[in-house]
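Asks: So that we are looking at the same thing, I have put the structure below in structure tokens.
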Amino acid sequence: MNEYILENYNSMVGKDDICLHLGDLGAGLKKRNNEFKDLLKKLNGRKILLKGNHDYFDDDFYLDAGFEEVGIFLSINGYFLNHYPLDKPSNDYIYKEFLKSKAHTIIHGHTHKNIIYNDNQKRINVCVELTDFKPILLDL
């Protein structure tokens, strides 16, 4: 599966393209950190990671694997990108940042299928299971 995703990714992402990864890069590879780091280094482009719940390593691990930046969210042009769909408003940090951003759309991963929420919030789920295991182009 990893090689299939790598092949799809590199066929679409060029050396100078900016690619935002919305977390859970290391699911299943927690104990194989050298193999995982080598795999990440093979990904084309200028990579930014917005960490998810299965990104077990510290930021330096991902920076050493070729990521230019590591964070947990990014707000740009009315879009709020992070790992979670933010479907359960709470007092947590990410949700507060989303509210401050006044973004009109949440772009997320985390859920491995499309879910209909009852809150009228626009969401785009970019989990690889929903994108044919390929990156998608977002014009932000």
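Asks: For the range 11-39, give me each residue that is outside any loop (DSSP other than H, G, I, E, B), under 20 Å from ASP64 (Cβ atoms) and either modelled with pLDDT of 95 or more or of a type in the set (Gly, Ala, Ser) (or both).
Replies: We begin by selecting, within the range 11-39, every residue outside any loop (DSSP other than H, G, I, E, B); these are 11-12, 18-21, 33-39.
Right, trim to under 20 Å from ASP64 (Cβ atoms) and you get 18-21, 33-39.
Across the range 11-39, the qualifying residues are ILE18, CYS19, LEU20, HIS21.
Asks: Identify all residues within the range 118-138 that are free of Cβ contacts under 8 Å to residues at least 40 places away in the same chain and among the polar types (S, T, N, Q); write none if there are none.
Replies: Those that are free of Cβ contacts under 8 Å to residues at least 40 places away in the same chain and among the polar types (S, T, N, Q): ASN118, ASN120, GLN121, THR131.
Asks: Taking the range 57-81 on its own, how many of its residues are surrounded by 14 or more Cβ atoms within 10 Å (Cβ to Cβ) and either part of a loop (DSSP other than H, G, I, E, B) or among the β-branched types (Val, Ile, Thr) (or both)?
Replies: Result for the range 57-81: 5.
The values are calculated or read from the model by the stated rules, or taken from the named source; none is laboratory data. These figures come from a predicted structure and were not determined experimentally. Cβ coordinates were reconstructed from backbone atoms using ideal geometry, including for glycine residues, and neighbour counts include every protein chain displayed.
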